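**Q** My questions all concern the structure below.
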Amino acid sequence: MSTELAQIEQQIAEMKAQLEALQKKSPSNKLSMVVFSGDLDRALAAFIIATGAVAMGMEVVMFFTFWATPILRDPKKKVDDKDLMGKMFGTMLPKGACSVKLSKMNMGGMGTAMMKNLMKQKNVASLDQMIELAGELGVQIYVCELSMDLMGFKREEMIDYPSMDFCGVAKFLEEAMDSRVQLFI
Amino acid sequence: MSNAIQADKVMDLKGLPCPMPVVKVSKGIKEVEVGQILEAQTTDPGSLTDFPAWARTSGNEIVDTIQENGVIRIFIKRNV
């Protein structure tokens, strides 16, 4: 009788260990997103999906890399100690969410201005407001350190976002492996 | 109008486009007790598919949907 009991206990212990291993393997209710594009339309889509995902009960992590990096610059902040290339990129790339352009029909800025007007008319939140909302909802933002370095951006010129950190590809992959949904925008 | 379910809280989301109705309701549902009814009033036709999708994933329940004069009234029972 006691040997039977011991056997059952052992089986339960084994099952518990297997269950724990399975739990570790199964991804969390999380959305990991790479935001690569610096276009207004794509960035807007990224933030609509991100805030919607929080509403659906998901944890959301966004990785900003390459052309998307300047979206997170703060136009009010100035950094002086930049080298020539850094200054050039700093001038040529958009300074924050307010100055990014549409991927199509920009028409020298006219198309973007028209779209922004239309969005206001239709009560659609601006990219600026969407970033603020994402912050309030607890969306985690990581910025690619390599892009920052390449384009000569300094941490001091980025927006004041509640949970923003800087990282490399391993951090993205760790999060992506633990996410049910992954997107590249 | 008269035979509508009595809501414990009403949220006016009229004029708000995607993703705001769902974002606001996911916050608003926490302001009613479990078992109580939240009524969301929206003018976004996308809400008709979005709210059921949100309810299924969040574990809440749409108990009724009424469309009148361009306003969609969605009654949500808080289950979790």
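**Q** Looking only at the stretch B:14-36, count every residue that is within 22 Å of B:Asn69 (Cα to Cα) and either in contact with a Phe, Trp or Tyr (Cβ under 8 Å, 6 or more places away or on another chain) or acidic (Asp, Glu) (or both) and tell me the total.
**A** 3
Results for (1) hydrophobic (A, V, I, L, M, F, W, C); (2) modelled with pLDDT of 95 or more; (3) part of a strand (DSSP E or B), shown as yes or no for each residue.
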| position | (1), (2), (3) |
| --- | --- |
| B:Glu33 | no, yes, no |
| B:Ala53 | yes, no, no |
| B:Arg73 | no, yes, yes |
| B:Val80 | yes, no, no |
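**Q** What are the residue pairs meeting all of these: first residue in the stretch B:11-33, first residue within 11 Å of another protein chain (Cβ to nearest Cβ), second residue crowded, with 18+ Cβ neighbours inside 10 Å and in a loop (DSSP other than H, G, I, E, B), Cβ atoms under 6 Å, and 6 or more apart or on different chains?
**A** B:Pro17/A:Val124; B:Pro17/B:Asp44; B:Pro21/B:Asp44; B:Ile29/B:Arg78
**Q** On the basis of being among the charged types (D, E, K, R), surrounded by fewer than 16 Cβ atoms within 10 Å (Cβ to Cβ) and farther than 23 Å from A:Ser32 by Cβ, does A:Lys122 make the cut?
**A** Working: among the charged types (D, E, K, R): yes; surrounded by fewer than 16 Cβ atoms within 10 Å (Cβ to Cβ): yes; farther than 23 Å from A:Ser32 by Cβ: yes.
Against the criterion (among the charged types (D, E, K, R), surrounded by fewer than 16 Cβ atoms within 10 Å (Cβ to Cβ) and farther than 23 Å from A:Ser32 by Cβ), A:Lys122 qualifies.
**Q** Here's another thing I want to ask about it. Which members of the stretch A:97-155 meet the condition of being of a type in the set (Lys, Arg) and more than 19 Å from B:Met20 (Cα to Cα)? Write out each step before concluding.
**A** In the first step, residues of the stretch A:97-155 are kept if they are of a type in the set (Lys, Arg); the result is A:101, A:104, A:116, A:120, A:122, A:154-155.
Residues satisfying the conditions are A:Lys101, A:Lys104, A:Lys154, A:Arg155.
**Q** Of the conditions (1) assigned to a helix (DSSP H, G or I); (2) under 26 Å from A:Leu31 (Cβ atoms); (3) within 14 Å of chain B (Cβ to nearest Cβ); (4) among the aliphatic types (A, V, I, L, M), A:Leu118 fails just one. Which one is it?
**A** That leaves (2) as the condition not met.
**Q** When the residues of the stretch B:34-48 are narrowed to those that are within 13 Å of another protein chain (Cβ to nearest Cβ) and β-branched (Val, Ile, Thr), which ends up least open to solvent (accessible area, probe 1.4 Å)?
**A** Taking the stretch B:34-48 as the starting set, the residues that turn out to be within 13 Å of another protein chain (Cβ to nearest Cβ) are B:40, B:42-44, B:46-47.
Checking the rest, the ones that are also β-branched (Val, Ile, Thr) come to B:42-43.
On the way: B:Thr42: 0, B:Thr43: 58 Å².
Filtering first and then ranking leaves B:Thr42.
**Q** Another question about this same structure. Select from the stretch B:63-80 the residues that are among the β-branched types (Val, Ile, Thr) and open to solvent by 50 Å² or more (accessible area, probe 1.4 Å) and write down the one among them that is farthest from B:Val34 (Cα to Cα). Spell out the reasoning first.
**A** Within the stretch B:63-80, the subset among the β-branched types (Val, Ile, Thr) is B:63, B:65-66, B:71-72, B:74, B:76, B:80.
Still in the running and open to solvent by 50 Å² or more (accessible area, probe 1.4 Å): B:63, B:65, B:80.
Values: B:Val63: 14, B:Thr65: 20, B:Val80: 6 Å.
Looking at residues that are among the β-branched types (Val, Ile, Thr) and open to solvent by 50 Å² or more (accessible area, probe 1.4 Å), I get B:Thr65.
**Q** Now for a different question. Filter the stretch A:102-127 down to the residues that are touching a residue at least 60 places away in the same chain (Cβ under 8 Å) and β-branched (Val, Ile, Thr) and list them by number.
**A** Within the stretch A:102-127, just A:Thr112 meets the criteria.
The values are calculated or read from the model by the stated rules, or taken from the named source; none is laboratory data. The structure displayed is predicted, hence computed values, not measured ones. Using ideal geometry, Cβ is built from the backbone for each residue, glycine included, and neighbour counts are taken over all protein chains shown. Each accessible area value is taken on the protein alone, full model and side chains, heavy atoms only, with ligands, DNA and RNA left out. Shrake-Rupley method; radii C 1.70, N 1.55, O 1.52, S 1.80 Å.
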